[in-house]
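Encoded as structure tokens, the structure appears first; notes follow it.
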Amino acid sequence: MSGRRTSRTIAAGLLAAAMTLAACSTAIVGTPRAGETPPPTPPSTTRTPPETSTTTSSPIRPTPASDTSPSPSGTTSQPPASTTSSSPTMPPAGSTSPMLGHHDTVSRPEVTAGGAVTVEVPTLPTSYDVNSYTSTGYITEVAALTQPSPYLVDPYGAVALDTDVMHGTALYTDPQKVVYEINPKAVWSDGVAVSCRDFYLEWLVNTSQATDPKDDGSLAFAVYPNTLYHQVNRPRCSNGGRTVTVTFSTPTASWQNLFTGLLPSHIAAKDAGIANITTIGKNATKGRVLKLAAAYRKDFGTLTPDKAVSAGPYVVASVADTEIVLKRNPKWWGNPAGPESIRLVATADPAAAVQSLRNGEGDVASVTDQDPSQADRLQPADGITRTDQIWPVSEHIEFNMRRPLFTGKAGKALRQAMFQCVDRTAILDKVARPVNPEAALLGNVMVAPWDPAYTDHYRQYRSANAAKAKSLLQQAGWTLGKDGVFEHGSTKAHFTLGVLPKASRTAIGAMITQECAKAGIDITVADLDASRLFSGKFQAALFAWSAPISPADYAYTYVGKSGGNTSGYSNPKVDALFADIASDVKPRDETGRLNEIDEILAGDQVVLPLYDWSAVNLQSERVHTTVTNNYFWGGLVWDAYAWAVGS
């Protein structure tokens, strides 16, 4: 499959960072980030605004199968539709990370042992569980280096089987079934084997109907559940816990979005006094499930070295208010990590993070806040290298199609007029390009600009055209009032543009208000929080969506009855196209259907894309490997195990 951020062909510019509405799994921008508060009851962990999300979306999607595969135990005689073997393919010479080659399998490379490295992050995580209600901060930076996942994702959205963790997987169809074979060498840092029970715990936590009797009926495991697990039947364990078999109640194209960031089930089971958690079903609401949930919340709802047992190349060594230290995991069975230790330091102010590198205190930092006023402060000094990335986070304007103002013939004309009066080029030049001179207008919300299939469906909306906007309104029966604002009967061309708070959006809102006033449209700009966005309590909104890994997950945003459809948009043809994508479980190129969907969206004038975010990455001369920021999973340290670092 190939989606907006999942092209197999990569342009020269780098894409980016860990799973998050962009000032907020698809994610509005992926996991809840930087201490921001997620919506009260997010409909899914698939897609969220980066500013409001506290958990990242699963960093995986189907990839073309390799030619050979293991023969998983417990399978039927039906040949698998897709298999991935345990014969890892190493990246080509010159790759800066083990995944930039976009292979179907990957393992950690051999790296020369180096010294400690200090990484500046805006906020530190407060839990070990990325989906916890209590999770804040940059949690995937820890999870990506300590928690095992069947699949890994790179900053470009390419997915590969992690053969350090998995011996292989096989996909079967009719009915859909996935068989996971765990690497026999895989163990947690306390010596306990990684097993099917760890997969089972992930499934149970996300499907359990149990509620906490002490907390007003909230979910007992205190997580924002990934609703994709509700399409998964109870996992079956075999082969001494080394084989996991899952079947699906309905065909699910996003099956590789599952089981990312597994947690050590034996820790919670021991604290709950439960010998075998696989005997607890999702419909259990009393007794043992509540004991397990209580232990789960206590063990993983916080971050402590004794409970944060690792099955990754690093282990949590210490946790303090202002820093977290990760050290090489002595029980790690793969190639040892490069840096001896990784020190994550909380530095909320981007300018302070940059200054830390200039002072020789920090080694790596990344700035993703699109604030043009800070552009000059991001210039590197001697001994510091800067790399700019385009992030998979799309700044855009969205109209609430539930509001009469934007519906019918008159409402469509108002949306069309807005497309004409917004000066996208001026916004790009004044907001995005001061931070990244290579930033470009976004002309497709489905297919990435570097994908050969990319088609710009918004190319006619580059600059403001007030005369054209007025003409469209007049043709639909709007008349210009004495106050200079168009009206249609008793309805004025006036609305509030809600913005998720972010410095760059203040500037964008002011530009839109000024330009559209020339077209007789009166706009008030006001702050908008995520809960109002998700509940549809807005007229128009300026925010950002993160890209999902699987193309099927775009349905979360644009399908009529989807819980994440903030605009209330509905088009039967779009719904049907997404249904086709979602039911196609075999890996394939979806850009044809995605382009068709994008062309319909552009014609319906429901969303006006502006540009993708940028990540400015800075590194000291001690770090010899080019650092990239992985928006989907792991952020700035997603491949830190492969860094070459001076002593």
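The values are calculated or read from the model by the stated rules, or taken from the named source; none is laboratory data. The structure presented is a predicted model; accordingly, all values stated were derived computationally and were not measured. Quick reminder, even Gly has a Cβ in these numbers, built from the backbone with ideal geometry, and neighbours come from all protein chains shown. Ligands, DNA and RNA are excluded from the accessible area calculation, which covers all protein heavy atoms including side chains. Shrake-Rupley method; radii C 1.70, N 1.55, O 1.52, S 1.80 Å.
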Residues satisfying the stated conditions in segment 201-240, i.e. of a type outside the set (Gly, Ala, Ser), closer than 23 Å to ASN183 by Cβ, open to solvent by 50 Å² or more (accessible area, probe 1.4 Å) and assigned to a helix (DSSP H, G or I): ASN239
Among (1) over 25 Å from ARG532 (Cβ atoms); (2) surrounded by fewer than 23 Cβ atoms within 10 Å (Cβ to Cβ); (3) touching a strand residue (DSSP E or B) at 6+ places or on another chain (Cβ under 9 Å); (4) not polar (S, T, N, Q), the one test that VAL637 misses: (2)
All helices (runs of 4 or more DSSP H) inside segment 341-429 with 3 or more residues being at pLDDT 95 or above and open to solvent by less than 10 Å² (accessible area, probe 1.4 Å): 408-421
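I'd like the residue in segment 578-603 that is open to solvent by less than 40 Å² (accessible area, probe 1.4 Å) and among the small types (Gly, Ala, Ser) and, out of all such residues, is modelled with the lowest pLDDT. Can you show your working first?
Looking only at segment 578-603, we keep the residues that are open to solvent by less than 40 Å² (accessible area, probe 1.4 Å), and these are 578, 581-582, 584-585, 587, 590-591, 594-595, 597-598, 600-603.
If we keep only those that are among the small types (Gly, Ala, Ser) too, we end up with 582, 602-603.
On the way: ALA582: 80, ALA602: 97, GLY603: 96.
The extreme case among them is ALA582.
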Residue check for LEU326: open to solvent by less than 50 Å² (accessible area, probe 1.4 Å), under 26 Å from GLY646 (Cα atoms) and part of a strand (DSSP E or B): yes
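Kindly indicate whether ARG532 is basic (Lys, Arg) and open to solvent by less than 40 Å² (accessible area, probe 1.4 Å). I'd like the intermediate steps shown before the answer.
Values: basic (Lys, Arg): yes; open to solvent by less than 40 Å² (accessible area, probe 1.4 Å): no.
Spelling it out, it is not the case that ARG532 is basic (Lys, Arg) and open to solvent by less than 40 Å² (accessible area, probe 1.4 Å).
Residues being among the hydroxyl-bearing types (Ser, Thr, Tyr), open to solvent by less than 10 Å² (accessible area, probe 1.4 Å) and not in a strand (DSSP E or B): count how many of those fall in segment 100-145.
Of the residues in segment 100-145, the ones among the hydroxyl-bearing types (Ser, Thr, Tyr) are 105, 107, 112, 118, 123, 126-128, 132-136, 138, 140.
Filter again for open to solvent by less than 10 Å² (accessible area, probe 1.4 Å), leaving 105, 127-128, 132, 135, 140.
From the residues that got through so far, the ones that are not in a strand (DSSP E or B) too are 127-128, 135, 140.
Qualifying residue count, segment 100-145: 4.
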Those residues of segment 430-443 which are part of a helix (DSSP H, G or I) and either open to solvent by 30 Å² or more (accessible area, probe 1.4 Å) or of a type outside the set (Gly, Ala, Ser) (or both), in sequence order: LYS430, VAL431
Output for segment 241-269, where each listed residue is under 27 Å from LEU290 (Cβ atoms) and part of a loop (DSSP other than H, G, I, E, B): SER249, LEU258, PHE259, THR260, GLY261, LEU262, LEU263, PRO264
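Please find, among GLY560, GLY568, the residue that is surrounded by fewer than 23 Cβ atoms within 10 Å (Cβ to Cβ) and under 23 Å from VAL422 (Cα atoms).
Details: GLY560 fails: under 23 Å from VAL422 (Cα atoms).
That would be GLY568, the only listed residue that is surrounded by fewer than 23 Cβ atoms within 10 Å (Cβ to Cβ) and under 23 Å from VAL422 (Cα atoms).
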All positions within segment 329-340 that are aromatic (Phe, Trp, Tyr) and open to solvent by less than 40 Å² (accessible area, probe 1.4 Å): TRP332
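Of the residues LYS537, LYS502, which single one is under 27 Å from the mean Cα position of the chain (by Cα), surrounded by fewer than 14 Cβ atoms within 10 Å (Cβ to Cβ) and within 30 Å of THR368 (Cβ to Cβ)? It would help to see each step written out before you state the result.
Working: LYS502 fails: surrounded by fewer than 14 Cβ atoms within 10 Å (Cβ to Cβ).
The conditions single out LYS537.
Just wondering, is there one or more residues in segment 565-577 that are within 30 Å of THR247 (Cα to Cα), part of a helix (DSSP H, G or I) and of a type in the set (Gly, Ala, Ser)?
Residues of segment 565-577 that are within 30 Å of THR247 (Cα to Cα), as a first pass: 565, 572-577.
Of the ones still in play, those that are also part of a helix (DSSP H, G or I) are 572-577.
Within this subset, residues satisfying the condition of being of a type in the set (Gly, Ala, Ser) are 576.
There is at least one residue in segment 565-577 that is within 30 Å of THR247 (Cα to Cα), part of a helix (DSSP H, G or I) and of a type in the set (Gly, Ala, Ser).
Does GLN605 satisfy being closer than 30 Å to ILE523 by Cα and not hydrophobic (A, V, I, L, M, F, W, C)? Write out each step before concluding.
On the way: closer than 30 Å to ILE523 by Cα: yes; not hydrophobic (A, V, I, L, M, F, W, C): yes.
Here the answer is yes, as GLN605 does meet what is asked.
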Selected residue (criterion: most open to solvent (accessible area, probe 1.4 Å)) from residues of segment 173-200 that are out of contact with any strand residue (DSSP E or B) (no Cβ under 8 Å at 6 or more places or on another chain) and either assigned to a helix (DSSP H, G or I) or β-branched (Val, Ile, Thr) (or both): VAL192
Segment 230-260, residues that are in contact with a Gly (Cβ under 9 Å, 6 or more places away or on another chain) and β-branched (Val, Ile, Thr): THR243, THR245
Residue check, THR173 more than 22 Å from the chain's Cα centre (by Cα) and of a type in the set (S, T, N, Q): yes
Enumeration of residues in segment 606-628 that are open to solvent by less than 10 Å² (accessible area, probe 1.4 Å) and part of a loop (DSSP other than H, G, I, E, B): VAL606, VAL627, THR628
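Pick out the one residue from ALA466, ALA453, ALA448, ALA519 that is touching a Phe, Trp or Tyr at 6+ places or on another chain (Cβ under 7 Å) and open to solvent by less than 70 Å² (accessible area, probe 1.4 Å).
Numbers: ALA466 fails: touching a Phe, Trp or Tyr at 6+ places or on another chain (Cβ under 7 Å); ALA453 fails: touching a Phe, Trp or Tyr at 6+ places or on another chain (Cβ under 7 Å); ALA519 fails: touching a Phe, Trp or Tyr at 6+ places or on another chain (Cβ under 7 Å).
On inspection, the qualifying residue turns out to be ALA448.
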